[in-house]
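Coordinate-derived values only; no laboratory data. Just so it is clear, the structure is predicted and the values come from calculations on it, not from any experiment. Virtual Cβ from ideal backbone geometry, glycine too; neighbours counted across all protein chains shown.
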Amino acid sequence: MLTCQQDLFALPAESHYLNCAYMSPLSRRVEAAGVAGIRRKLVPSDITPDDFFAGPDAVRRLFAGIVGAPAAERIAVIPSVSYGMAVVERNTAVSPGQNVVTLLDQFPSNVYPWRRLCDGGHATLRSVAPPTTGPGMAEAWNGAILDAIDDATALVAVPHVHWIDGTRFDLDGISARARQVGATFVVDGTQSVGALPFDVQTIQPDALVCAGYKWLGGPYSIGAAYFGPRFDGGLPVEDGWLARIGSEDFARLVDYRDELRPAARRYDVGEVSNFILTSMFVAALEQLLEWGVENITPYCCQLTGDLIADLEAAGFGVTDKRWRSGHLFGFRVPGGFDMPAFRERLVSHRVSIALRGDAIRVSPYVYNDESDVAALRAALQL
Ligand SMILES: Cc1ncc(COP(=O)(O)O)c(C=O)c1O
């Protein structure tokens with residue numbers, strides 16, 4: 001079991017940051033890597049052509065290790081989820097009569113591309129809502145997703161956990177159903193990868209797209225995506241020179257080459273070498289691998305287990321245990337709950353959580369300890 005890792009971070013002692021799903025704080029190690037990355041450009045002659053590839057390749061290798069990808073070439077370095085999803089959109093065709101399956105209230109970066117795709121191909125976007133509320137909701141929702149996938153489904157795009165209330169989705173089951181009907185299966189791993197174990201060889205998504213600034217501990221504007229064989233030979237979003245075969249030879253860049261790099265490397269963002277962001281992301285991924293992804297959720301669960309039991313007893317609506325994820329959970333308030341007063345107490349107790357839709361979202365991480373949970377309890381008057 002991990003112990004509290006607060007000392008590796010610079011969060012003020014008197015504040016209670018239970019909001020990693022918003023963005024993780026940088027660890028001091030990642031901060032130091034960023035400063036070192038900035039300093040490199042003080043002396044550009046020390047930056048060699050090899051350095052343009054070393055950073056992104058280290059990200060590829062480390063992220064491949066985290067998600068169990070069979071080869072680093074399956075990983076692209078991306079600036080955002082919307083960019084990764086744009087790659088999928090660009091390489092997916094739909095036709096009239098077909099449909100795309102998503103979930104109700106999914107994060108917009110995993111919705112807008114499919115709206116455009118459906119508009120262009122006159123296909124239907126199915127946004128699956130939970131059929132019930134209260135106990136049994138998550139199970140019923142998972143069932144409804146399977147029911148929504150049929151022979152006319154071209155693409156299924158879901159997260160592993162819902163960003164608003166942390167409901168977990170049965171990706172094994174959804175993947176099997178998508179494969180059965182031949183649909184492309186895309187996962188937004190932003191709110192789960194890094195905190196929940198994810199193995200691409202077991203879950204078999206065609207694409208897994210993750211922002212790096214939450215559960216991967218990285219800076220803003222860099223993330224990673226896995227692209228499976230379905231996307232081999234596809235078209236990138238940009239016509240970048242680094243994505244071309246032979247671009248290592250800086251003396252011959254005007255011997256223009258049409259061949260793109262194999263597998264996912266062709267989908268890298270332009271100026272992927274970003275010496276500051278890649279250095280920081282590498283440090284963050286190394287730290288995560290040292291902690292072990294499998295140790296993150298157990299740490300969070302032991303911290304909040306009693307709180308969740310007391311919330312349930314006090315009439316708050318919490319997702320069923322089987323479908324809840326320890327690192328990110330939401331609860332809906334009981335009738336009569338004074339939300340404005342609660343907001344004020346959050347401020348006075350210096351507690352940072354998120355209010356998303358009608359859910360109060362709590363997302364602890366390894367820098368939190370009992371004092372953070374106690375402050376949240378005080379704000380909840382629990
Ligand atoms: C589920 C999910 N996906 C994606 C993002 C970020 O998307 P993008 O990188 O396109 O800004 C967020 C941010 O909160 C999110 O919660």
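Quick look at the values:
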{"read-out": "Taking the chain and dividing mean pair separation by its residue count, relative contact order in percent (alpha carbons under 8 Å, at least six apart)", "value": "26 percent"}
{"read-out": "Most to least packed among 104-116, 162-174 [average Cβ atoms within 10 Å]", "value": "162-174, 104-116"}
{"read-out": "Calculated log₁₀ intensity ratio I(q)/I(0) where the Debye formula runs over C-alpha points of the range 44-291, q = 0.10, 0.15, 0.17 Å⁻¹", "value": "-0.48, -1.01, -1.25"}
{"read-out": "Hz values of 3J(HN,Hα) by residue in the range 164-181 - Karplus curve (6.51, -1.76, 1.60), Gly and Pro given as x", "value": "8, 10, x, 3, 8, 10, 7, 5, 4, x, 5, 4, 4, 5, 4, 5, 4, 9"}
{"read-out": "Long-range amide H partners of Phe185 with built H, under 5 Å", "value": "Val156, Asp206, Ala207"}
{"read-out": "Residue of Pro159, Pro96, Pro236 that the Gaussian network model of the chain assigns the largest fluctuation, springs spanning Cα pairs under 10 Å", "value": "Pro96"}
{"read-out": "For the range 330-341, Karplus couplings with θ = phi - 60° (6.51, -1.76, 1.60), whole Hz, Gly/Pro x", "value": "x, 9, 9, 7, x, x, x, 5, 8, 5, x, 5"}
{"read-out": "In order through the range 223-236: 3J(HN,Hα) via Karplus (6.51 cos²θ - 1.76 cosθ + 1.60), integer Hz, x for Gly, Pro", "value": "x, 9, 9, 9, 10, x, x, 4, 9, 5, x, x, 9, x"}
{"read-out": "Residue among Ala54, Ala341, Ala225 with the largest mean-square fluctuation in a Gaussian network model of the chain, springs linking Cα atoms under 10 Å", "value": "Ala341"}
{"read-out": "Fraction of antiparallel bridges per DSSP, the chain only, in percent to nearest 5", "value": "50 percent"}
{"read-out": "In range of the label at Leu253: residues from the range 37-60 whose backbone nitrogen is under 20 Å from the point 7 Å along Cα→Cβ", "value": "40-57"}
{"read-out": "When the range 35-94 is reduced to its Cα atoms, the Kirkwood hydrodynamic radius in Å", "value": "13.9 Å"}
{"read-out": "Candidates Tyr226, Tyr213, Tyr299, ranked by Gaussian network fluctuation over the chain, Cα under 10 Å, top entry", "value": "Tyr299"}
{"read-out": "Cα-derived Rg over Rh, computed across the range 112-162 with Rh taken as Kirkwood radius", "value": "1.02"}
{"read-out": "Gain in span if fully extended, Ala13 to Trp241, counting 0.36 nm per residue against the direct Cα distance", "value": "77.4 nm"}
